[in-house]
Amino acid sequence: MDRPTILAWLRRRDPERWAALGREADAVRAAHVGDAVHLRGLVEISNHCARTCLYCGLRAQRALPRYRMGSEEILDCARRAEELGYGTLVLQAGEDPGLTRAFVSELLLAIKAETPLAVTLSLGERPEADLAAWRDAGADRYLLRFETSDSDLLRQIHPPRPEAPASDVHPRLALLRRLRELGYETGGGMMVGIPGQTHESLADDLQALAALDVDMIGLGPFVAHPETPLGLAAAPVGPDQVPATERMARTVVSLARLLCPWANIPSTTALATLGGAVGQDAALACGANVVMPNLAPARYRRLYEIYPGKSGQAGAATVDALLRLRIEALGRTVGVGPGASPNWLRRHAAPPAKETP
Ligand code: SAH
């Protein structure tokens, strides 16, 4: 799909055409990654964060009770994931130096010794030596959204770490390439409707996903958090500003599916925050094929407040039972096993997997 076509879709405000795009993306999803919806157990292991991102409620300056889960607590969640039949555990956190290389390595070894789970890490921008050590310790996947491919916009909303060299124009794009070289299944993505994000810029983001050949795509609408600079300020919004709506995010999910047909694409929490279960299901029906139910104890979930209204308090078993019913109602099946990205499998299979026409 060429750039003018992407832009035309992004600028379109016509419900009938949106429905047609969603159907096309759904067909491409079915043909390339199948009907299974993979469930990933999500555990937000720490809300400490060293960064000062203008959009995120975990930013260092915010007064927020901080927690860091212990290994045993995290292992309990891993056991829970296995009991519920999930094939993957996703460990996410703020960018927390307290999660040391050794702590995470030992945790990975323990999870791998005790369970058959695939493990996805989403711990922010870490030194290459950490990423390499964690891969060696058994980590399978790494999610690092590039947030926006526009280096200037990124610098504004996601101030670089003080020690970062000026030559590091877009640290996240650079790290994504490195993660791929380390053999990780690699996940990128962006927020839709960041103040200052234009349709042109969002088209760049979509093209960046294809150029990076990502295995997973995490994207969702920007949700303003009143206790952050981007939630407080009357943000500078130009005429070409992308709306931070569920509708827009869903259109971007469909376009991402068309551009990266073999990627795993979750229907994300931010989509569910704006649109509830209906919104989350709608994304599954227009390109997405993954859901990440939260397995952390409710007392921690409440504190992982990257934006308001995010955390449900329902128990994991209740959420799981409802999700399974919803997936069935969509005419889909629940994925079994680790559910690796077909994009990654194609790259690593020998001989290369057969091309789907
Ligand atoms: N520290 C990790 C994980 C961050 S939380 C990292 O930086 O990669 C995961 C994602 O939540 C972020 O990558 C960002 O895209 C999203 N997010 C953060 N604040 C948000 C907000 N206000 N609205 C919508 N999404 C947000």
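The values are calculated or read from the model by the stated rules, or taken from the named source; none is laboratory data. Because the structure is predicted, anything quoted here is derived from the model rather than measured. A quick note on method: Cβ atoms are made from the backbone with ideal geometry, for glycine too, and the neighbour counts reach across all protein chains shown. Heavy atoms of the whole protein, side chains included, go into the accessibility calculation; ligands, DNA and RNA do not. Shrake-Rupley method; radii C 1.70, N 1.55, O 1.52, S 1.80 Å.
Going by the conditions given, is Glu73 over 22 Å from Leu144 (Cβ atoms), modelled with pLDDT of 95 or more and open to solvent by 10 Å² or more (accessible area, probe 1.4 Å)?
Yes: the conditions hold for Glu73.
Condition check for Thr100 on (1) crowded, with 19+ Cβ neighbours inside 10 Å; (2) over 23 Å from Ala317 (Cβ atoms); (3) more than 20 Å from the chain's Cα centre (by Cα); (4) not basic (Lys, Arg): one failure, at (1).
Please tell me if Pro127 is surrounded by fewer than 19 Cβ atoms within 10 Å (Cβ to Cβ) and at pLDDT 95 or above. For Pro127, the condition - surrounded by fewer than 19 Cβ atoms within 10 Å (Cβ to Cβ) and at pLDDT 95 or above - is met. Taking the conditions (1) more than 14 Å from the ligand (Cβ to nearest atom); (2) crowded, with 21+ Cβ neighbours inside 10 Å; (3) within 30 Å of Gly193 (Cα to Cα); (4) of a type in the set (Phe, Trp, Tyr) in turn, Tyr55 satisfies each one other than (1). Selection of helices (runs of 4 or more DSSP H) fully inside the range 220-339 by the criterion of at least 1 residues being away from the ligand (no atom under 14 Å from the Cβ) and either open to solvent by 50 Å² or more (accessible area, probe 1.4 Å) or modelled with pLDDT of 95 or more (or both) returns 246-259, 269-284, 298-301, 316-329. Pairing residues of the range 64-76 that are without any contact (Cβ under 8 Å) to a residue 60 or more places away in the chain with residues that are small (Gly, Ala, Ser) and loosely packed, with under 15 Cβ neighbours inside 10 Å, at Cβ distances under 9 Å and at least 6 apart in sequence or on separate chains, gives Arg68/Gly98.
Taken over the range 146-158, the residue count meeting the criterion of being buried (at least 19 other Cβ atoms within 10 Å of the Cβ) and under 23 Å from Ala211 (Cα atoms) is 7.
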